[in-house]
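S.K.: Please read through the structure below; I'll follow up with questions.
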Ligand code: ITT
């Protein structure tokens with residue numbers, strides 16, 4: 001069974017492949033390269049559905065999409081759904097990190113709680129099936145960036161229970177405990193029942 005993965009983020013594709021591994025060998029994950037819809041939802045779940053519905057409509061295949069981001073308590077949950085563009089269009093991840101570190105410059109370690117959130121939408125055009133599942137990875141923001149692994153905000157996110165950043169973990173370590181891994185845990189039974197005859 002072929003499933004389209006509706007993302008243009010190569011890091012997400014890598015993590016999806018790493019996490020899925022042998023869990024669902026029946027599924028062949030195909031990268032989506034059609035037009036990108038406007039992500040004008042107001043929640044992760046709405047944006048994940050917008051992306052999955054667009055890929056399903058364009059290809060006629062079952063589709064999955066991930067909408068994710070980092071949510072900082074002291075900023076009222078921001079950047080949240082605006083994580084990819086926090087420092088502005090086209091400014092890239094290191095500008096996003098720098099801005100977030102600046103915004104928390106005066107915040108003491110005990111008030112730097114944050115979490116990553118990942119919502120995965122599954123859309124099956126042949127049956128009209130739609131579902132969104134989610135996963136959360138609690139932690140806190142570091143005061144400086146560390147590590148060269150992962151992507152996005154990983155160099156400034158210290159997962160709960162660890163004293164290294166997500167970017168200092170090996171890919172397999174991150175993929176075992178991340179928000180994306182947790183969302184996938186919820187997605188696997190849904191994919192099994194909605195896609196596999
Ligand atoms: P697609 O919409 O094409 O999937 P995107 O990168 O624009 O790609 P999002 O709109 O979901 O995806 O934005 C997610 C942003 O949140 C991402 O660009 C990172 O800045 C951040 N993010 C999400 N997951 C992350 C992770 O595992 N590690 C670090 N940062 C992450």
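S.K.: How many residues does the stretch 41-52 contain that are under 14 Å from the mean Cα position of the chain (by Cα) and buried (at least 16 other Cβ atoms within 10 Å of the Cβ)?
M.R.: Counting residues in the stretch 41-52 that are under 14 Å from the mean Cα position of the chain (by Cα) and buried (at least 16 other Cβ atoms within 10 Å of the Cβ) gives 8.
S.K.: On the given criteria, is residue 152 within 18 Å of the chain's Cα centre (by Cα), within 11 Å of the ligand (Cβ to nearest atom), at positive phi and crowded, with 21+ Cβ neighbours inside 10 Å?
M.R.: yes
S.K.: Could I ask something else about it? Is there a residue being without any contact (Cβ under 8 Å) to a residue 60 or more places away in the chain, in contact with a helix residue (DSSP H, G or I) (Cβ under 6 Å, 6 or more places away or on another chain), assigned to a strand (DSSP E or B) and under 22 Å from residue 182 (Cα atoms) anywhere in the stretch 73-89?
M.R.: No, that holds for no residue.
S.K.: Taking the stretch 3-21, which residues are away from the ligand (no atom under 12 Å from the Cβ) and either in a loop (DSSP other than H, G, I, E, B) or loosely packed, with under 12 Cβ neighbours inside 10 Å (or both)?
M.R.: The answer is 21, and nothing else.
S.K.: Let me ask something else about it. Could you list, in sequence order, all residues of the stretch 27-40 that are assigned to a loop (DSSP other than H, G, I, E, B), more than 18 Å from the chain's Cα centre (by Cα) and either within 11 Å of the ligand (Cβ to nearest atom) or surrounded by fewer than 16 Cβ atoms within 10 Å (Cβ to Cβ) (or both)?
M.R.: Residues satisfying the conditions are 33, 34, 35.
S.K.: Given the conditions (1) under 27 Å from residue 185 (Cα atoms); (2) within 12 Å of the ligand (Cβ to nearest atom), report the number of the one that residue 85 does not fulfil.
M.R.: Of (1) under 27 Å from residue 185 (Cα atoms); (2) within 12 Å of the ligand (Cβ to nearest atom), only one is false for residue 85: (1).
S.K.: Taking the criterion of being surrounded by 16 or more Cβ atoms within 10 Å (Cβ to Cβ), part of a loop (DSSP other than H, G, I, E, B) and either more than 12 Å from the ligand (Cβ to nearest atom) or modelled with pLDDT under 95 (or both), would at least one residue in the stretch 115-123 satisfy it?
M.R.: Scanning the stretch 115-123, I find no residue that is surrounded by 16 or more Cβ atoms within 10 Å (Cβ to Cβ), part of a loop (DSSP other than H, G, I, E, B) and either more than 12 Å from the ligand (Cβ to nearest atom) or modelled with pLDDT under 95 (or both), so the answer is no.
S.K.: Those residues that are free of Cβ contacts under 8 Å to residues at least 60 places away in the same chain, more than 17 Å from residue 141 (Cα to Cα) and over 18 Å from the mean Cα position of the chain (by Cα), I need them from the stretch 163-197; list them, please.
M.R.: 189, 193, 197
S.K.: Give the residue, chosen from 49, 24, that is at pLDDT 95 or above and more than 12 Å from the ligand (Cβ to nearest atom).
M.R.: 49
The values are calculated or read from the model by the stated rules, or taken from the named source; none is laboratory data. Note that this is a predicted model, so its numbers are computed, not measured. Virtual Cβ from ideal backbone geometry, glycine too; neighbours counted across all protein chains shown.
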